[in-house]
1. Starting with the fewest neighbours, write out B:139, B:89 ranked by other beta-carbon atoms found within 10 Å of each beta-carbon.
2. Please give the average number of partner chain Cβ atoms lying within 10 Å of the Cβ of each residue in A:40-49, rounded to a whole number.
3. Equivalent ellipsoid semi-axes for region A:18-157, as square roots of 5 times the alpha carbon gyration tensor eigenvalues: give them largest first, rounded to whole Å.
4. Label residue B:19 and residue A:149 with points 7 Å out from Cα along Cα→Cβ: what is the distance between them in nm?
5. Report, for residue B:46, each distance to the same residue's label point in the other copies, shortest first and in nm; define the point 7 Å along Cα→Cβ.
6. Between residue B:81 and the same site in the other copies, what are the distances in nm, shortest first, taking label points 7 Å from Cα along the C-beta direction?
7. Report the gain in length on full extension from residue A:141 to residue A:75: 0.36 nm times residue separation, minus Cα-Cα distance, nm rounded to one decimal.
8. Take the Cα radius of gyration of region A:20-98 and divide it by 2.2 N^0.38 Å, with N its residue count; two decimals is plenty.
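Derivation of every value follows stated rules applied to the coordinates shown; laboratory data play no part. What you are looking at is a predicted structure, and each value in this text was computed from that prediction instead of being measured. Counting neighbours? That spans all protein chains shown, and the Cβs are built from the backbone with ideal geometry, glycine included.
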DNA sequence: CATAATGTCAACAGATATAGTAGAGATTTT
DNA sequence: AAAATCTCTACTATATCTGTTGACATTATG
């Protein structure tokens with residue numbers, strides 16, 4: 001059974017990486033189990049069909065970002081570090097996709113020379129800023145708890161979806 | 001002199017590729033010269049410090065997308081195919097960043113098996129949809145003419161910016 | 001204490017995307 | 001005929017993405 005990923009119909013400039021999608025799906029599972037306690041990687045991997053060893057990395061990364069807590073050993077696993085209502089997608093995606101660090105260009109003399117943006121670049125940047133604000137306005141509002149709500153609603157709407165072949 | 005690119009402070013999930021940025025900057029130049037007529041690649045390359053051979057590809061691509069017209073030969077060059085007011089960033093970015101075609105996964109039998117999204121994926125997708133709509137609401141409104149306006153305003157606000165070294 | 005079941009950490013690897021470069025050709029003006 | 005320009009195709013180097021692998025650390029349980 002192949003692993004599944006969202007792909008088609010992704011807004012231009014707004015593609016979520018596999019890592020990002022896997023992270024969100026794992027967090028939804030952990031959100032659903034927040035009251036019940038700890039969940040093993042393997043459980044999440046099977047339930048969401050995410051490659052287990054890859055998921056290990058992702059969850060570990062989320063832990064170092066302060067989103068998760070873990071316990072090792074036989075009864076080990078992961079849980080959310082905070083209630084799902086307090087984890088926003090904005091914070092998550094910021095952490096997962098990483099802070100874009102501007103790479104300074106080295107000149108021949110070895111000193112860092114930086115070109116200030118020209119007016120065209122500044123104009124483009126100003127539009128991008130509007131776009132970012134619009135995105136964040138949404139992602140700051142949506143939490144893991146909201147995603148879990150949507151999942152619950154979808155589950156009650158539809159029956160059990162089965163694989164199909166074309 | 002190094003080529004310049006916007007980079008730091010790019011909204012998460014909303015990075016413009018070099019190609020995309022170069023395209024927009026070239027289009028701004030062509031928008032500013034829409035009345036005057038044709039502009040050579042080299043002029044744009046020098047004015048915006050964009051690698052010339054790379055720019056050739058980009059402009060050619062924009063032409064095949066119907067955004068530009070060209071003339072070869074000695075007095076050759078490019079111009080916008082339509083007035084700058086009629087070219088939206090949404091259309092441009094859609095063309096440049098390319099249509100995301102979902103890649104079907106081949107099963108062992110060689111038949112295409114597609115997994116329908118599970119509820120978690122559907123929930124994520126629904127948020128992405130909201131984000132996309134918010135982005136497009138902005139990018140559908142902003143045209144090349146708008147970018148040129150912003151450039152003009154920036155030019156009148158600030159003096160001539162010179163390179164600096166740190 | 002031994003063992004098994006977990007998470008942890010670091011390195012590696014193949015595929016794909018990005019950011020160009022290069023060469024040869026076609027068209028137009030002079 | 002020559003020069004200037006765009007056009008088309010191919011190539012390359014680097015980075016990023018998507019994982020895999022192996023060794024290790026920790027914990028519960030018998």
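1. So the residues, fewest neighbours to most, are B:139, B:89.
2. Values: counts 0, 0, 0, 0, 0, 0, 0, 2, 3, 2.
The shielding value for this peptide is 1.
3. Values: eigenvalues 263, 85, 28 Å².
Working from the Cα gyration tensor, I get semi-axes of 36, 21, 12 Å.
4. 4.0 nm
5. Residue B:46 label point versus its equivalents elsewhere: 6.9 nm.
6. 5.0
7. Numbers: separation 66, 0.36 × 66 = 23.76 nm, distance 3.42 nm.
Fully extending the segment from residue A:141 to residue A:75 adds 20.3 nm.
8. Numbers: Rg = 11.3 Å, N = 79, 2.2 N^0.38 = 11.6 Å.
With N residues counted in region A:20-98, Rg over 2.2 N^0.38 Å equals 0.98.
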